[in-house]
Each structure stands twice: as structure tokens, then as C-alpha cells.
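Q: Encoded as C-alpha cells, here's the structure I'll be asking about.
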Amino acid sequence: MRSLGRTASQFRILGPVTATFEGEALALGGERQRALLAVLLVHANKMVSTERLIEQLFGDTRAPRSGSAANAVHVAVSRLRRALGDDGAEILLTRRGGYMLELE
């Protein structure tokens, strides 16, 4: 579980991936958004490249063509930001070549 200092958000990655805000469970969406959140939590405060996210989310066998895989990651990030509510844009940051979940 990680807690954000500026808000009452908590994340759990042992067992089912969950997120709460002020004690209320957030609807994280499907498998891809939950997997994305888990990868970003494991690498909290570090930029994770889009290529690494593609590997983690799709593996070698399920990855779409490279352009559509990058687009699928972008869509998953957008949906995850929305699911995280007001904190989404503040903590899920776009960096050159990837994304970063910034936590205190």
C-alpha cells in the first residue's frame, strides 16, 4: 500500500490491484488499466518507457503492431488518469518516451 501525502489515496498491488480515495474504492477499469497501474506502482517515481509498458501489458505474443501498441498504452494511461479522478493528472505524468507515477 502506498499513500499520497497530498491526498488520501491508497494503492494495493498484493492480491487484486486496487486504489482508494478517502476510503472509497476507485473503479480502475479493465485488466489493462490495472496491469498498467501495477507496473507504474512497482516503478513509482521512475519513468517507465512506452516500450517496457508494451512488453508488460501485452507480452511477446499478444502485442499489436508497434504503432497500435503505443496507442493502446496511451489509451490505457488516459483511462487510468480518468479512473484516478482529480489526482490522475497530477500523479500520472507523461515523460519523453514514457510515463511516471509520482508518489510521495
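The values are calculated or read from the model by the stated rules, or taken from the named source; none is laboratory data. Predicted model, so just to flag it, every value in this text is computed and none were measured. Backbone-built Cβ (ideal geometry, glycine too); neighbour counts: all protein chains shown. Ligands, DNA and RNA are stripped out before the accessible areas are found, and what is left, the full protein with its side chains, is counted by its heavy atoms. Shrake-Rupley method; radii C 1.70, N 1.55, O 1.52, S 1.80 Å.
Q: So what is the relative contact order for the chain, in percent, with contacts set as C-alpha pairs under 8 Å and at least six apart?
A: 28
Q: What is the mean projected area of the alpha carbon convex hull for the chain, to one decimal in square nanometres?
A: The directionally averaged projection comes out at 6.2 nm².
Q: Continuing with this model, one more query. Taking 0.36 nm per residue of separation and subtracting the Cα-Cα distance, what length does fully extending Ser78 through Glu24 add?
A: Answer, rounded to one decimal: 17.3 nm.
Q: Skip the ligands, DNA and RNA, and give the accessible area per residue of the stretch 7-104 with a 1.4 Å probe, whole Å².
A: Accessible area per residue: 58 Å².
Q: In the chain, carbon and sulfur make up what percent of the accessible area (probe 1.4 Å)?
A: Its accessible area is 49 percent carbon and sulfur atoms.
Q: Let me ask something additional. Along the charge dipole of the chain, Cβ charges K/R +1 and D/E -1, which of Thr50, Ile91, Gly23 sits furthest on the positive end?
A: Ranked along the dipole, the leading option is Thr50.
Q: Suppose only helical runs count, i.e. DSSP H with n ≥ 4. What mean residue ellipticity at 222 nm does that imply for the chain under -39500 (n - 2.57) per run, divided by all residues and rounded to the nearest 500 deg cm²/dmol?
A: One gets -14000 deg cm²/dmol as the mean residue ellipticity at 222 nm.
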